[in-house]
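What follows is calculated from the coordinates using simple rules that are stated; it is not laboratory data. Just so it is clear, the structure is predicted and the values come from calculations on it, not from any experiment. Cβ coordinates were reconstructed from backbone atoms using ideal geometry, including for glycine residues, and neighbour counts include every protein chain displayed.
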Amino acid sequence: MDQRAFIRQLPKVELHMHIEGSLEPEMMFQLAKRNQIPLSFNTPQEVKAAYQFTDLQSFLDIYYQGANVLVHEQDFYDLTWAYLCRCQQDNVVHTEIFFDPQTHTERGISFDTVINGISRALEDGKEKIGISSRIIMCFLRHLDQKSAFLTLEQAMAHKDKIAAVGLDSSEVGHPPEKFVQVFAKAREEGFLTVAHAGEEGPVDNIYNSIELLQVSRIDHGVRCSDDSHLVELLAQSRMPLTVCPLSNVKLKVFDKMESHNVVDLLRQNLCVTLNSDDPAYFGGYMTDNFLAVAQSHSLTEKELVQFTKNAIEASFTSDNEKYHMRCILDEFFSRSIG
Ligand code: HPA
Ligand code: ZN
């Protein structure tokens with residue numbers, strides 16, 4: 001089997017994907033029409049042409065506009081279902097997806113509408129196409145902690161559907177320290193925690209997410225290479241980093257894929273995983289991310305498998321589900337080399 005076929009067929013686990021970031025331009029137009037929402041573009045092609053980003057903020061400005069077409073529960077269902085169908089094509093067997101409730105509640109869409117649409121699609125994903133999942137609710141870090149507390153309150157009625165809380169949006173200027181109390185409250189209520197840190201922001205944000213927010217994973221975290229002590233700490237503790245290669249190049253965290261540090265980090269025994277972040281905006285889903293890394297770095301099949309092993313280790317599933325995923329992976333590996 002050549003390496004591209006190996007990558008396509010490799011069982012994958014996604015741990016860093018914003019469901020609003022899976023809104024493809026074609027669906028954006030469909031939903032805009034269905035909900036009579038005006039768009040500032042005339043065709044899906046025009047939308048795609050506008051996806052030329054200079055940094056995280058230039059992306060976020062467009063991404064929040066795109067989310068305006070999501071209004072009804074069925075819209076959130078359709079969005080999530082389309083993503084799950086892409087997962088199936090890419091042999092993603094398990095996915096843990098983020099959603100940003102404040103992006104929707106701030107424009108008058110109810111929390112229940114959002115979570116019910118997403119979770120109904122995820123239930124169907126499990127039942128109809130065998131993809132297991134978890135939901136992570138992110139606080140927008142450019143908003144204040146009071147708004148995050150309000151969001152946490154709204155989530156309480158849906159505790160059974162939400163595994164963890166996270167932190168996303170503009171990292172620079174909005175450090176983890178800003179959200180210490182709301183994360184403490186979330187942990188008290190039984191939620192696991194994660195945070196975007198060290199994407200554009202400094203290594204201090206990684207240290208403080210671990211120490212002050214007590215996260216189980218760091219989202220991105222690629223700036224850890226600025227501090228050799230931190231790299232050692234991450235390796236020793238096996239603190240997972242959910243890395244998003246295509247995103248990092250699109251948002252100019254790295255100038256080109258050849259400069260990306262994820263393979264280095266893998267070889268230093270960090271628990272790094274590959275993920276798509278906002279696949280409709282950054283040029284690809286899981287397989288595309290694996291292919292992009294493999295094309296620019298020489299990787300063995302064993303190393304490719306290690307990304308999935310790491311993701312299983314880092315996932316928020318039960319031991320039983322982890323065992324099941326490891327069996328699928330072992331079975332694939334012995335079949336592919338045999
Ligand atoms: N970083 C921060 N916030 C985000 C991202 C990201 O990569 N994607 C969607 N929201
Ligand atoms: Zn992200």
Mean residue ellipticity (222 nm) of the chain, computed from DSSP H runs ≥ 4 via -39,500 (n - 2.57), nearest 500:
-15000 deg cm²/dmol
Based on Cβ point charges of +1 for Lys and Arg and -1 for Asp and Glu, what charge dipole magnitude is obtained for the range 3-337 about its Cα centre, in debye rounded to the nearest 20?
600 debye
Given Leu143, Ala157, Ser119, which one lies farthest toward the positive end of the charge dipole of the chain, if we put +1 on the Cβ of every Lys and Arg and -1 on the Cβ of every Asp and Glu?
Ser119
Pick out which of Ile129, Ile312, Ile118 has the largest mean-square fluctuation in a Gaussian network model of the chain, springs linking Cα atoms closer than 10 Å.
Ile129
Taking the alpha-carbon centroid of each part, what is the distance from the range 190-209 to the range 122-146 in angstrom?
18 Å
Could you tell me how far the Cα centroid of the range 235-262 sits from the Cα centroid of the range 38-68, in Å?
23 Å
Below 19 Å, Cα to Cα, which aspartates and glutamates can Lys256 reach? Residues fewer than 8 away in the same chain don't count.
Asp55, Glu199, Glu200, Asp226, Asp264, Asp277, Asp278, Asp288
In Hz, Karplus ³J(HN,Hα) per residue of the range 44-59 (6.51, -1.76, 1.60; θ = phi - 60°; x = Gly, Pro)
x, 5, 5, 4, 4, 5, 7, 7, 10, 9, 9, 6, 4, 4, 5, 6
About the Cα centre, and with charges only on the beta carbon of Lys, Arg (+1) and Asp, Glu (-1), how big is the dipole of the range 1-121? Nearest 20 debye, please.
320 debye
With Kirkwood's inverse mean 1/r over C-alpha pairs for Rh, give me the Rg to Rh ratio of the range 47-98, two decimals please.
1.04
As I understand it, the dipole of the range 37-86 uses +1 on the Cβ of Lys and Arg and -1 on the Cβ of Asp and Glu, about the Cα centre. Which of Tyr64, Ser40, Tyr51 lies farthest toward its positive end?
Tyr51
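Could you give the length gained on full extension between Gln181 and Leu233, defined as 0.36 nm per residue of separation minus the Cα-Cα distance, in nm?
The span from Gln181 to Leu233 would gain 16.2 nm if fully extended.
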Looking at the calculated P(r) for the range 1-64, what percent of the C-alpha pair distances fall above 13 Å?
74 percent
Using DSSP to call loops (not H, G, I, E or B), can you name the GluC sites (Glu not before Pro) in the range 118-214 whose Cβ has at most 14 other Cβ atoms within 10 angstrom?
Glu189
Residues of the range 154-194 with amide N under 16 Å of the 7 Å Cα→Cβ point at Ile328:
none
Do me a favour and compute the ellipsoid semi-axes for the range 3-337 from its Cα gyration tensor, root of five times each eigenvalue, largest one first, whole Å.
27, 23, 21
So the pair-distance distribution of the range 45-152, from every Cα-Cα distance in 5 Å bins, comes to percents of 2, 11, 19, 19, 19, 18, 10, 2, 0
Listed peptides 253-263, 157-167 by packing density, highest first (mean Cβ within 10 Å)
157-167, 253-263
Answer check: the range 153-230, Cα atoms, Kirkwood Rh, Rg/Rh ratio of 1.00
Charge dipole magnitude, Cβ of K and R +1, D and E -1 - the range 120-279, Cα centre, debye nearest 20:
440 debye
